[in-house]
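To start, the structure under review is shown below, and the notes come after it.
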Amino acid sequence: MWRTSWPGEPGDGLRYELVDGWPRAMGGARAKHARIVINAIMALRARLTGGPCEPFTDDLAVLTPKGNLRRPDVTVDCGDPDPEKQVADRPVLVIEVLSESTRRFDEYLKLTEYRSVASLRYVLLVEPDLPAVAFHVRGPDGTWSDRPLIGPETEIPLPDLGCTLTLADLYPNRS
């Protein structure tokens with residue numbers, strides 16, 4: 001069983017990932033970040049209800065082949081529905097909302113690790129300030145491709161999950 005918390009963690013309210021054998025603190029998110037996460041979970045929940053897959057917050061970790069435990073902003077797991085699990089059994093989609101402090105880390109190091117997870121089919125790197133997503137997709141032959149998706153009506157096809165999102169689903173409708 002993989003541990004997702006460690007003895008002696010400071011009571012600082014931070015979340016932790018396990019990176020190269022060491023706990024790495026994750027900073028808190030801004031409201032615009034949290035709104036995108038909430039919208040993504042709500043949209044995915046509505047589309048996946050009744051099926052074997054369900055969306056989770058960063059409370060559910062993703063184990064990479066390198067042995068790191070990552071905490072994507074949103075994970076869709078299609079594995080065992082065990083209510084006690086802390087690590088995704090079969091993650092199919094991960095979403096990271098980018099921020100200035102973690103952008104380069106998410107776009108390169110985390111993306112490389114996510115692509116190494118055998119069950120993952122989709123990685124979305126979401127811009128926080130405008131409707132734009134870097135959409136990474138694993139093809140049937142196992143190779144990854146990516147393309148930018150821009151504009152609120154742009155569709156995000158997720159055939160392995162049997163659904164489609166739009167960028168408007170992710171972004172708060174606020175003026």
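The values are calculated or read from the model by the stated rules, or taken from the named source; none is laboratory data. Predicted, not measured: the structure shown is a model, and the values here were computed from it. Every residue, glycine among them, receives a Cβ derived from its backbone with ideal geometry; neighbour counts consider all protein chains shown. What goes into the accessible areas is simple: the full protein's heavy atoms, side chains included, and nothing from ligands, DNA or RNA. Shrake-Rupley method; radii C 1.70, N 1.55, O 1.52, S 1.80 Å.
Summary of computed values
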read-out: Estimated distance in nm for a label pair at LEU130 and GLU155, the labels positioned 7 Å out from Cα along Cα-to-Cβ; value: 2.4 nm
read-out: Distance (nanometres) between label positions extended 7 Å along Cα→Cβ at ASN173 and TRP144; value: 3.4 nm
read-out: Order of exposure, largest accessible area first, which applies to TYR108, TYR171, TYR114 with probe 1.4 Å; value: TYR108, TYR171, TYR114
read-out: Nonlocal amide H pairs with VAL87, under 5 Å, H built at 1.01 Å; value: ALA61
read-out: Table column - 3J(HN,Hα) (Hz), the stretch 38-47, Karplus curve with 6.51, -1.76, 1.60, x for Gly and Pro; value: 4, 4, 4, 5, 5, 5, 5, 4, 5, 7
read-out: Rounded accessible area of GLU113 (nearest 10 Å², 1.4 Å probe); value: 20 Å²
read-out: Within straight-line cross-link reach of LYS110, aspartates and glutamates at Cα separation under 20 Å, skipping those fewer than 8 residues along the same chain; value: GLU17, ASP20, ASP58, ASP59, ASP73, ASP77, ASP89, GLU96, GLU100, GLU127, ASP146
read-out: Length-normalised contact order of the stretch 18-175 in % [C-alpha pairs under 8 Å, at least 6 apart]; value: 19 percent
read-out: Inter-label distance, nm, simple model (7 Å from Cα along the C-beta direction), ASP80/THR164; value: 3.6 nm
read-out: Cβ charges +1 (Lys, Arg) and -1 (Asp, Glu), total dipole of the stretch 20-129, debye; value: 220 debye
read-out: Accessible area in the full protein assembly, largest first, 1.4 Å probe, for LYS66, LYS32, LYS110, LYS85; value: LYS66, LYS32, LYS85, LYS110
